[in-house]
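Nothing in this text is a laboratory measurement; each read-out follows from the coordinates by a stated rule. Quick caveat, the model's predicted, so the values are computed rather than measured. Neighbour counts run over all protein chains shown; Cβ positions are idealised from the backbone, glycine included.
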Amino acid sequence: MSKQACLQWSINGWRIFSTATCANPCNTCGGAVTQAAAIIEALLRISRAGRLEYQWQRVSVARVVVRIVDNLRSAIEARGAVVTVRDLPPAWGDPAAIEQIFSNLIGNALNYLDPARSGRIEIGALEPEPVEANGPRPLRMRTYYVRDNGLGIPAAYMSKVFRAFQRLHVDVASGDGVGLAVVRRTVERHGGRVWVESAEGAGSTFFVVLPEQPARL
């Protein structure tokens, strides 16, 4: 006779349930525990992104991106993809956090390229908006982007992209579904914002706004 097991944890307001019908308690319930442990670790990643103490400084986004692309070189070549890095102005923030932002976005772009066509990824920055000479001087922000010609995102899914555990194209790439949630939390801690423009079957462009200078008190 089968047995029903229910495991429950609560972390930072997240309540996690894992159920399994245990014909073989050692295997099935063990798998449920492993799955729940993975979920807990993913939630802790999101929590840490909101609590880590930042070392604020001027960050060379260009060097960060070149390092990420170099680290992904084998995967890029395996997919036959072309990665183009445009001029990238520096940002003001925590070096490790900014590297995590671009690592997640570039890694996602690579993972969700369309296997049916040659992949292209472009990383760049938009021109800054003009500032009135006699007007107030707002905090200077720069908008970066990571663009790909991959599988794209269905319109019905767009509002869920930056939520935890929302995964798309699970048959193409593996993952825990929290990478973009971490990106959003990290960008917001820098006083910026992140959004995506996408068309299913045509690709996606993720935009990230980060400060170019420290806030004036």
Virtual spin-label span in nm between Arg86 and Arg67, 7 Å along Cα→Cβ:
2.4
Taking the Cβ of Glu122 as the center, what net charge do the other residues with Cβ under 14 Å away carry, scoring Lys and Arg +1 and Asp and Glu -1?
0
Under the rule a/c < 1.5 gives rounded, and otherwise a/b versus b/c splits prolate from oblate, where does segment 57-211 land using the Cα gyration tensor?
prolate
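Within the set of other residues whose C-beta is less than 10 Å from the C-beta of Phe207, count the net charge using Lys and Arg as +1 and Asp and Glu as -1. Show your work: numbers first, answer last.
Values: positive: Arg147, Arg193; negative: Glu197.
Taking every other residue near Phe207 into account, the sum is +1.
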Label point distance in nm, Glu129-Gln213, each placed 7 Å from Cα along Cα→Cβ
1.7
Amide proton proximity set for Val178, modelled H, under 5 Å, gap of 5+
Phe165
If R0 is 22 Å, what FRET efficiency do you get for Trp56 and Thr143 from their C-beta distance, rounded to 0.05?
0.65
